Amino acid sequence: MDKGKVQELLVTLYLRLNGYFTSGFIVHSPKKGRNRTEVDVLAVRFPANREPERQVEPAPELDPSTTVTDIVIGEVKSKGRPLQFNEGLTSTPESLTSILRWVGLFDDTEIHDLVLKLMPQFASWSDRPPMIDGPRTTRLRGLLFSPERLSRQPDERWHVSGEQVFGFIFRCLSTSVRPPACSRVYDFGQWGYPLAPIIRYFKSRKKQGPGDLQALLAYLRDDEAL
């Protein structure tokens with residue numbers, strides 16, 4: 001499993017544990033052999049989401065809402081890659097239009113207006129992620145994730161860092177904690193491939209703490225060698 005794919009799976013797991021339904025999405029192109037852009041993770045979280053038996057609150061960096069449906073267009077950036085959204089989201093209205101059509105919450109007139117408002121934010125932002133309010137108590141955001149970056153530096157654009165991703169997943173999965181209504185020991189294969197090996201990594205850490213991407217990659221290499 002390559003490093004980029006592992007990071008995308010980490011973000012998918014992180015969002016899933018925060019109450020989001022997740023998917024990827026390919027924006028198709030009329031040109032043979034090409035696509036306009038690819039969304040690493042497209043996610044939706046509904047305002048009444050809760051899982052109290054886990055005894056872990058949603059990650060504050062995601063600014064979870066109890067009043068609006070949160071729609072996230074997310075990109076995953078490896079260390080060394082610019083913290084910016086792909087050109088398909090910053091300069092191609094057709095790409096955002098296709099994404100919002102697939103989400104299925106808005107009619108064509110609403111989508112046209114949302115694209116006009118959201119595209120400039122994808123192109124220019126810094127200390128907070130691109131965000132607009134949509135009709136019928138919805139919120140649309142662009143979020144960048146970089147699990148390979150340990151933490152956000154003062155001169156970097158807003159993003160969810162590796163420390164945040166690994167720390168939250170570990171708080172949810174660590175077997176050192178035993179919530180009375182939520183057993184953390186079970187058949188980890190129930191998560192399905194390819195998440196199951198990542199789940200086993202976090203379950204194995206116990207008092208070692210969450211670790212980082214390098215530790216996870218080393219674990220996965222050993223796991224595949226067995």
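The values are calculated or read from the model by the stated rules, or taken from the named source; none is laboratory data. Since we're looking at a predicted model, the values are computed, not measured. Positions of Cβ are backbone-derived with ideal geometry, glycine not excepted, and every protein chain shown enters the neighbour counts.
Yes or no, residue by residue, for (1) within 19 Å of Ser78 (Cα to Cα); (2) modelled with pLDDT under 90:
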position	(1), (2)
Arg178	no, no
Asp187	no, no
Ala196	no, no
Lys206	no, yes
Leu213	yes, no
Ala218	yes, no
Glu224	no, yes
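Taken over the stretch 180-207, the criterion of being loosely packed, with under 12 Cβ neighbours inside 10 Å, assigned to a loop (DSSP other than H, G, I, E, B) and without any contact (Cβ under 8 Å) to a residue 60 or more places away in the chain is satisfied by Pro180, Ser183, Val185, Tyr186, Asp187, Gly192, Tyr193. For Asp107, the test of being of a type outside the set (A, V, I, L, M), at pLDDT 95 or above and surrounded by 13 or more Cβ atoms within 10 Å (Cβ to Cβ) is failed. Screening Leu116 on (1) of a type outside the set (S, T, N, Q); (2) surrounded by fewer than 20 Cβ atoms within 10 Å (Cβ to Cβ); (3) modelled with pLDDT of 95 or more; (4) within 23 Å of Glu8 (Cβ to Cβ) shows it passes everything except condition (4). Only one of Arg139, Arg171, Arg101 is surrounded by 14 or more Cβ atoms within 10 Å (Cβ to Cβ), part of a helix (DSSP H, G or I) and of a type in the set (Lys, Arg). Can you tell me which? Checking each option against the conditions leaves just Arg171. I'd like to know if the stretch 40-59 contains one or more residues that are among the β-branched types (Val, Ile, Thr), more than 18 Å from Leu173 (Cβ to Cβ) and touching a helix residue (DSSP H, G or I) at 6+ places or on another chain (Cβ under 8 Å). Checking the stretch 40-59: at least one residue is among the β-branched types (Val, Ile, Thr), more than 18 Å from Leu173 (Cβ to Cβ) and touching a helix residue (DSSP H, G or I) at 6+ places or on another chain (Cβ under 8 Å).
Checked against (1) loosely packed, with under 13 Cβ neighbours inside 10 Å; (2) under 19 Å from Gln84 (Cα atoms), Phe21 passes all but condition (2).
Go through the stretch 4-32 and count every residue that is part of a helix (DSSP H, G or I) and closer than 22 Å to Gln190 by Cβ. Going through the stretch 4-32 one residue at a time, the tally reaches 12. Residue check: Phe106 meets all listed conditions (1) within 17 Å of Val27 (Cβ to Cβ); (2) without any contact (Cβ under 8 Å) to a residue 40 or more places away in the chain; (3) of a type outside the set (Val, Ile, Thr); (4) not in a loop (DSSP other than H, G, I, E, B) but one, namely (4).
Within the stretch 137-158, the set of residues being in contact with a helix residue (DSSP H, G or I) (Cβ under 7 Å, 6 or more places away or on another chain) and of a type in the set (Asp, Glu) comprises just one member, Glu148. Selection of first residues in the stretch 17-28 that are closer than 21 Å to Ser174 by Cβ and modelled with pLDDT under 95 and of second residues that are of a type in the set (Val, Ile, Thr) and not in a loop (DSSP other than H, G, I, E, B), restricted to Cβ pairs under 6 Å at least 6 apart or on distinct chains, gives an empty result.
A search for C-beta distances below 7 Å between a residue of the stretch 53-80 that is in a loop (DSSP other than H, G, I, E, B) and any residue that is of a type in the set (Val, Ile, Thr), counting only pairs 6+ apart in sequence or on different chains, returns Thr67/Thr137; Val68/Thr137; Val68/Thr138. Taken over the stretch 116-140, the criterion of being more than 19 Å from the chain's Cα centre (by Cα), more than 22 Å from Arg157 (Cβ to Cβ) and of a type outside the set (D, E, K, R) is satisfied by Leu116, Gly134, Pro135, Thr137. Please specify each residue of the stretch 86-98 satisfying the condition of being surrounded by 13 or more Cβ atoms within 10 Å (Cβ to Cβ) and among the hydroxyl-bearing types (Ser, Thr, Tyr). If the condition is that a residue be surrounded by 13 or more Cβ atoms within 10 Å (Cβ to Cβ) and among the hydroxyl-bearing types (Ser, Thr, Tyr), then Thr90, Thr92, Ser95, Thr97, Ser98 are the ones that fit.
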